[in-house]
1. Search the range 1-20 for residues that are open to solvent by less than 70 Å² (accessible area, probe 1.4 Å) and pair each with any residue that is at pLDDT 70 or above and of a type in the set (D, E, K, R) when their beta-carbon atoms are under 7 Å apart and the residues are at least 6 apart or on different chains.
2. Of all residues being touching a residue at least 12 places away in the same chain (Cβ under 8 Å) and more than 15 Å from the chain's Cα centre (by Cα) in the range 107-122, which is surrounded by the fewest Cβ atoms within 10 Å (Cβ to Cβ)? Just the residue, please.
3. Restrict the check to the range 117-137 and report whether at least one residue is under 30 Å from D8 (Cα atoms) and polar (S, T, N, Q).
4. For the range 125-141, which residues satisfy the criterion of being surrounded by fewer than 16 Cβ atoms within 10 Å (Cβ to Cβ) and touching a helix residue (DSSP H, G or I) at 6+ places or on another chain (Cβ under 8 Å)?
5. Does the range 45-63 contain at least one residue that is open to solvent by 30 Å² or more (accessible area, probe 1.4 Å) and touching a residue at least 40 places away in the same chain (Cβ under 8 Å)?
6. Can you give me the number of residues within the range 63-92 that are in a loop (DSSP other than H, G, I, E, B) and within 12 Å of the chain's Cα centre (by Cα)?
Amino acid sequence: PFVAAFEDGLAKSKELMAVDANNTDWLRDLSLTHSLIGDVHMRLGNVKGSVAAYLDGLAVANRLTEINPGNAEWQWDLYVNYWRLADTGQDTATYFQKALDVIQGMQTKGLLSPSRTVWVENTRQRLTEAMAADKGQAKAN
């Protein structure tokens, strides 16, 4: 029932996009809806469904940051999408590296609020852990 409710919202967002595909408010809503669907799939243990939803959200977030690279909110959404993808356990190090690239870019450009600076080190730590886990798996094989 939870996924169906979000998918209904997704259908409505897509209808709005058909009216004006360049409306950035609607694009952001679409991106966030995909992310919420991914969250529900993760809570239900459906990793494949969550990855698909997060990738859809990531595509829209990328589009928004291409429209306006200086928008801190959209850059943050892009960062969060990469973090969520990393948390699925699929290509973890790759997605944490991309998340780190985004957040460090935000910091360099002055787009990262002081309350979010802790996430630079958090992301760096998670990347280090993911890389160590990858090395451990490679040794085991």
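1. From the range 1-20, the pairs are S13/D29.
2. In the first step, residues of the range 107-122 are kept if they are touching a residue at least 12 places away in the same chain (Cβ under 8 Å); the result is 107, 109, 111-113, 116, 119-120.
When the remaining residues are screened for being more than 15 Å from the chain's Cα centre (by Cα), the result is 107, 109, 111-113, 116, 120.
On the way: Q107: 14, K109: 12, L111: 19, L112: 21, S113: 10, R116: 16, V120: 15.
So, considering only residues that are touching a residue at least 12 places away in the same chain (Cβ under 8 Å) and more than 15 Å from the chain's Cα centre (by Cα), the one surrounded by the fewest Cβ atoms within 10 Å (Cβ to Cβ) is S113.
3. So in the range 117-137, the residues under 30 Å from D8 (Cα atoms) come out as none.
Taking every residue of the range 117-137 in turn, none turns out to be under 30 Å from D8 (Cα atoms) and polar (S, T, N, Q).
4. Within the range 125-141, the first condition is being surrounded by fewer than 16 Cβ atoms within 10 Å (Cβ to Cβ), and the residues that meet it are 125, 128-129, 131-141.
If the condition is that a residue be surrounded by fewer than 16 Cβ atoms within 10 Å (Cβ to Cβ) and touching a helix residue (DSSP H, G or I) at 6+ places or on another chain (Cβ under 8 Å), then M131, A133, D134 are the ones that fit.
5. Yes, some residue in the range 45-63 is open to solvent by 30 Å² or more (accessible area, probe 1.4 Å) and touching a residue at least 40 places away in the same chain (Cβ under 8 Å).
6. Quick first cut of the range 63-92, residues in a loop (DSSP other than H, G, I, E, B) only: 68-71, 88-91.
Next, only the ones that are within 12 Å of the chain's Cα centre (by Cα) stay: 88.
Of the residues in the range 63-92, 1 are in a loop (DSSP other than H, G, I, E, B) and within 12 Å of the chain's Cα centre (by Cα).
The values are calculated or read from the model by the stated rules, or taken from the named source; none is laboratory data. On a predicted model such as this, the values are computed, not experimentally measured, just so you know. Positions of Cβ are generated from backbone atoms using ideal geometry, with glycine treated the same way; all protein chains shown enter the neighbour counts. Just so you know, the surface numbers come from the protein's heavy atoms only, side chains and all, with ligands and any DNA or RNA stripped out. Shrake-Rupley method; radii C 1.70, N 1.55, O 1.52, S 1.80 Å.
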